[in-house]
Amino acid sequence: MFDVKEKLKNLKIENRFFINGNYKKNNNIFHKFSTVKDIKLPPLYKCLSKEVNEAVEVAKKTYENKIWRNKSIKEKKEIFFKIADLIEKHKEEIVLLDTIETGRSIKNFYFDSLPKAVESIRWFAEAVDKCFEHAIYKDNKLVSIIRMPLGVVGIITPWNDPLVVNFWKIAPALLMGNSVVLKPAEQASFSMLKIASLMKEAGIPDGVFNVITGDGETGKLLALHNDVRGIFFTGSSEVGKKLLIYAGKSNMKKVSLECGGKSPFIVTKNCNDLKKAAKILAKNIFYNQGQICSAPSRLIIDKNIKNEFLNYLIQEAKEFVPSDPLSFESKVGNLVSKGQKERVENYIKYAREKVKMIKVGEDSEYGFAPVIFDEVNINSKLAQEEIFGPILVVISYETVDEAIKIANNTKYGLAAAVFSDNIKEANKIALEVESGLVHINTYDAEDNQMPFGGVKESGLGRDKSVLAFDEYTELKTIITDLE
Ligand code: ADP
């Protein structure tokens, strides 16, 4: 921990975009607002065709002259270890940037988010030379099946966990030899702008890693670019669908999407420890104000245990009442923006007349106290739409088959949980729930070794694990006749 006030006084915010190893400005600024009290943010520059083309062009040049991809694996690894060390060295400044820009609590960034991002950078660097390529020997022919980088890769990311999500993509993309143009979220760009110069200091050659700033219009220009060979995205399903269209309209680039969720948390009558299950649910739906794509936002519970479970849940939810994001005492900070506040407010207004609402604690100016809506209609807006706020909907069921049906009654399929001590029952549910990730008797237990991503409208492709290296490459088959 550190003296936040003191650090804030001397905080330098880099707001210029980063192309070819240099910070640059243009004439299109857009103003930013912080939900953190008394914080004034500098504006961001919006990159349009000129800057997007420039970034893609330099990235393409570095890909073609092989300045990065021909570096030895050993060198690439060392550079990545150095990036991790430098981020740790500048940890206080970086977490402060993310906190004042997003309103999320500094405690989250300092103890959870930044360490996770650093761990993921080191994990990918350690893993990169532990993967084998494939070979076949038959009919006196030797067939090598090797991974080739894609070329220039565009990465478009959201604001809710900036560093973690950025490095889940940047690390495997660069380690596989691609050159990268990153478009971070307009609500969370400052930490990556700072880190861009740390990456240069660590030894990433100029032009290999570029950061362009701006909103959806900038992202669209990147995704439509004919020299970009892959777009790797985390964000809403709505934008994910647009990216598929842009790929089709341009050069059929590879598209990988990690999109929204409405993840079910199923508790059966065979769950022996309801208190523990309630604690895990509260932690995962109310953490970061529910602004997590894999948050379990639908509790699907056996009707006979619902009341007992809700009593435990309300107790646990008290831990997640929002307070000052800049205090290390706060577990939960603010929502990211005025717009997000309005969005959550609208859902609450819409629902409170129709459904029983349980509210736990007081709201702050830009933070919502946990809200639980009981006995929600499974086809209602509340049960179907991703809210991205601290709102849990509760649906009770009579049979396990009904629970599975309810769980699958959504366009999403990112994460899920089953709490049951009947292992047969738990596994039946886990197999039948349509979802990229299912936890049994736990949540948020995945680490870098495990792939992450969804099915249905939660996206396609996977972040993390050695399988992520496949995302940033294409296979090439080389057949040699040995006759
Ligand atoms: P969220 O709802 O979490 O803000 P979005 O899907 O709107 O998520 O945004 C995620 C990222 O996608 C951000 O970097 C944003 O600027 C970018 N983005 C938004 N619209 C588009 C678009 N039409 N094309 C490309 N990128 C976009």
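The values are calculated or read from the model by the stated rules, or taken from the named source; none is laboratory data. Values in this document were obtained by computation on a predicted structure and should not be read as measured data. Here the Cβ is made from the backbone with ideal geometry for all residues, glycine too, and neighbour counts use every protein chain on show.
Filter the stretch 447-482 down to the residues that are under 14 Å from Ser435 (Cβ atoms), within 13 Å of the chain's Cα centre (by Cα) and outside any loop (DSSP other than H, G, I, E, B) and list them by number.
Phe452, Ser458, Gly459, listed by residue number.
Does any residue of the stretch 236-249 turn out to be under 21 Å from Ile378 (Cβ atoms) and at pLDDT 95 or above?
yes
Check Gly219, Gly203 and return the single one that is more than 26 Å from Ser72 (Cα to Cα) and not β-branched (Val, Ile, Thr).
Every option except Gly219 fails the conditions.
Out of the residues in the stretch 168-186 that are in contact with a Gly (Cβ under 9 Å, 6 or more places away or on another chain) and within 14 Å of the ligand (Cβ to nearest atom), state the one that is farthest from Phe209 (Cα to Cα).
The residue in question is Glu186.
Among the residues of the stretch 130-171 satisfying the criterion of being polar (S, T, N, Q) and surrounded by fewer than 23 Cβ atoms within 10 Å (Cβ to Cβ), which is nearest to Val52 (Cα to Cα)?
Checking each candidate, the answer is Ser144.
What pairs can you find where one residue is in the stretch 150-171 and basic (Lys, Arg), the other is within 14 Å of the ligand (Cβ to nearest atom), and their Cβ atoms are less than 8 Å apart, with a gap of 6+ or different chains?
Once the first residue is basic (Lys, Arg) and sits in the stretch 150-171, its partners that are within 14 Å of the ligand (Cβ to nearest atom) give Lys169/Ile155; Lys169/Thr157; Lys169/Phe232; Lys169/Thr234.
Filter the stretch 58-68 down to the residues that are surrounded by fewer than 18 Cβ atoms within 10 Å (Cβ to Cβ) and part of a helix (DSSP H, G or I) and list them by number.
Lys61, Glu64 - these are the residues of the stretch 58-68 that are surrounded by fewer than 18 Cβ atoms within 10 Å (Cβ to Cβ) and part of a helix (DSSP H, G or I).
For the stretch 154-191, enumerate the residues that are in a strand (DSSP E or B) and under 21 Å from Ile73 (Cβ atoms).
Residues satisfying the conditions are Ser179, Val180.
Only one of Lys283, Lys341, Lys303 is surrounded by fewer than 23 Cβ atoms within 10 Å (Cβ to Cβ), within 23 Å of the chain's Cα centre (by Cα) and closer than 27 Å to Thr442 by Cβ; which?
On inspection, the qualifying residue turns out to be Lys283.
Quick check on Leu244: is it touching a residue at least 24 places away in the same chain (Cβ under 8 Å), touching a strand residue (DSSP E or B) at 6+ places or on another chain (Cβ under 7 Å) and of a type outside the set (Val, Ile, Thr)?
Taking the combined requirement at face value, the residue does not satisfy it.
For Lys194, state whether it is assigned to a helix (DSSP H, G or I), away from the ligand (no atom under 14 Å from the Cβ), charged (D, E, K, R) and closer than 19 Å to Ser120 by Cβ.
Criteria met by Lys194.
With at pLDDT 95 or above and outside the structural domain of Tyr287 (by TED's automatic domain parsing) as the only criterion, which of Lys464, Lys428, Lys424 stands out? Full working, then the answer.
Details: Lys428 fails: outside the structural domain of Tyr287 (by TED's automatic domain parsing); Lys424 fails: outside the structural domain of Tyr287 (by TED's automatic domain parsing).
Answer to the check: Lys464.
If Ile136 satisfies all but one of (1) in contact with a Phe, Trp or Tyr (Cβ under 7 Å, 6 or more places away or on another chain); (2) without any contact (Cβ under 8 Å) to a residue 12 or more places away in the chain; (3) among the aliphatic types (A, V, I, L, M), what's the number of the condition it fails?
Going through the list (1) in contact with a Phe, Trp or Tyr (Cβ under 7 Å, 6 or more places away or on another chain); (2) without any contact (Cβ under 8 Å) to a residue 12 or more places away in the chain; (3) among the aliphatic types (A, V, I, L, M), Ile136 breaks only (1).
Go through the stretch 241-261 and give me each residue that's under 16 Å from Lys456 (Cα atoms), out of contact with any helix residue (DSSP H, G or I) (no Cβ under 7 Å at 6 or more places or on another chain) and surrounded by fewer than 24 Cβ atoms within 10 Å (Cβ to Cβ).
First pass over the stretch 241-261, keeping only residues under 16 Å from Lys456 (Cα atoms): 241-244, 255-261.
Subset that is out of contact with any helix residue (DSSP H, G or I) (no Cβ under 7 Å at 6 or more places or on another chain): 241-242, 244, 258.
Matches in the stretch 241-261: Lys241, Lys242, Leu244.
Do any strands (runs of 3 or more DSSP E) entirely within the stretch 199-267 hold 1 or more residues that are polar (S, T, N, Q) and within 11 Å of the ligand (Cβ to nearest atom), and if so, which? Give the derivation first.
Details: elements: 209-211, 230-234, 254-258, 264-267.
Qualifying strands (runs of 3 or more DSSP E): 230-234.
In the stretch 415-446, which residues are closer than 21 Å to Trp168 by Cα and in a loop (DSSP other than H, G, I, E, B)?
Answer for the stretch 415-446, where residues must be closer than 21 Å to Trp168 by Cα and in a loop (DSSP other than H, G, I, E, B): Ser435, Gly436, Tyr443, Asp444, Ala445, Glu446.
So Lys71 fits all but one of (1) in a helix (DSSP H, G or I); (2) out of contact with any strand residue (DSSP E or B) (no Cβ under 8 Å at 6 or more places or on another chain); (3) of a type outside the set (Ser, Thr, Tyr); what number is the exception?
(1)
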